[in-house]
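Colleague: This is the structure I want to talk about, given as structure tokens.
The values are calculated or read from the model by the stated rules, or taken from the named source; none is laboratory data. No experiment lies behind these values; they were computed from the predicted model shown. SASA here: full protein model, heavy atoms, side chains in, ligands and nucleic acids out. Shrake-Rupley method; radii C 1.70, N 1.55, O 1.52, S 1.80 Å.
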Amino acid sequence: MAESVRPVFVVTGPSGAGKGTLIAGLLERLPELEVAVSATTRSRRPGEVDGREYWFLSEVEFLRRVDAGEFLEHVCYVSGRRYGTLRSEIDRIAAEGKVCVLELELEGALKVQSEVPGSVTLFISADVSELERRLRERATESTGEIGERIRLARQQLEQAHLFRYMVRNDDVERATAVLSAIVERELELAAERA
Ligand code: 5GP
């Protein structure tokens, strides 16, 4: 019998689409899921904790880990900030017998989709006006950086078709229910294949 491939769920979509909120709702409904903590070189926002939201690394430390092959994927995103998925996080989650969820921007999500067997990509979309409103409301970045995120978000909305599923986040409750139903179905299918 073929070895079963554990699904890895990759939630992607533009900044401000509400990926974090939907993932939080998803984890409440499906406690067997766990989100991998990425590494980043961006600065910590108020309330963020090292090792919880991200591993906050210096540029030098991040690049050292790139050279050491510690990342499954890594990108240089807005304002030259780096983000990457640590292989150790995926291994840790698998060792706990849990199902891994990654929250990635599009480039990283496409890389995982093409390279990781069993990966299931879910694109979270929202209206441009809603995206802009949320990004301005968040307003933790400098004005220039928010402009850059909005411009990028507009471009990214056009790439939804590259991913397996698209979930529209116009209503958080509804979108969380849709996302959970997809994940549950994919877990059932994976169990049947095992
Ligand atoms: P933020 O700075 O708002 O926390 O995240 C910016 C973007 O980086 C978001 O779209 C988020 O999904 C993405 N991101 C977070 N961690 C990773 C990662 O490890 N790899 C990639 N490719 N993107 C990430």
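Colleague: Using the Kirkwood radius built from alpha carbon pairs, what does the Stokes-Einstein equation give as D for the chain at 25 °C and 0.890 mPa s, in µm² per second?
Modeller: 142 µm²/s
Colleague: Check Ala126: other-chain or 5+ apart residues with amide H under 5 Å from its amide H, H built from backbone geometry?
Modeller: Hits under the 5 Å cutoff: Asn169.
Colleague: Shifting gears a bit: What do you get for Rg/Rh over the stretch 37-97 if you use C-alpha atoms and the Kirkwood form of Rh?
Modeller: 0.98
Colleague: A further question on this structure: Antiparallel as a % of all DSSP beta bridges within the chain, to the nearest 5?
Modeller: 25 percent
Colleague: When the accessible area of the chain is split by element with a 1.4 Å probe, what percent falls to carbon and sulfur?
Modeller: 51 percent
Colleague: Per residue, how many Å² of accessible area does the stretch 37-97 show with a 1.4 Å probe?
Modeller: On a per-residue basis, the stretch 37-97 sits at 53 Å².
Colleague: Between the stretch 56-133 and the stretch 18-43, what is the separation of their alpha carbon centroids in Å?
Modeller: Here the answer is 11 Å between Cα centres.
Colleague: Here is a further query. How would Phe71, Phe56 line up by accessible area, probe 1.4 Å, largest first?
Modeller: Phe56, Phe71
Colleague: Then there's this: Of Glu130, Glu103, which has the most accessible area with a 1.4 Å probe, and how do the rest follow in descending order?
Modeller: So the residues, ranked largest to smallest area, are Glu103, Glu130.
Colleague: Would you tell me the accessible area of Asp171, worked out with a 1.4 angstrom probe on the heavy atoms of the protein chains, in Å² to the nearest 10?
Modeller: About 70 Å², rounded to the nearest 10.
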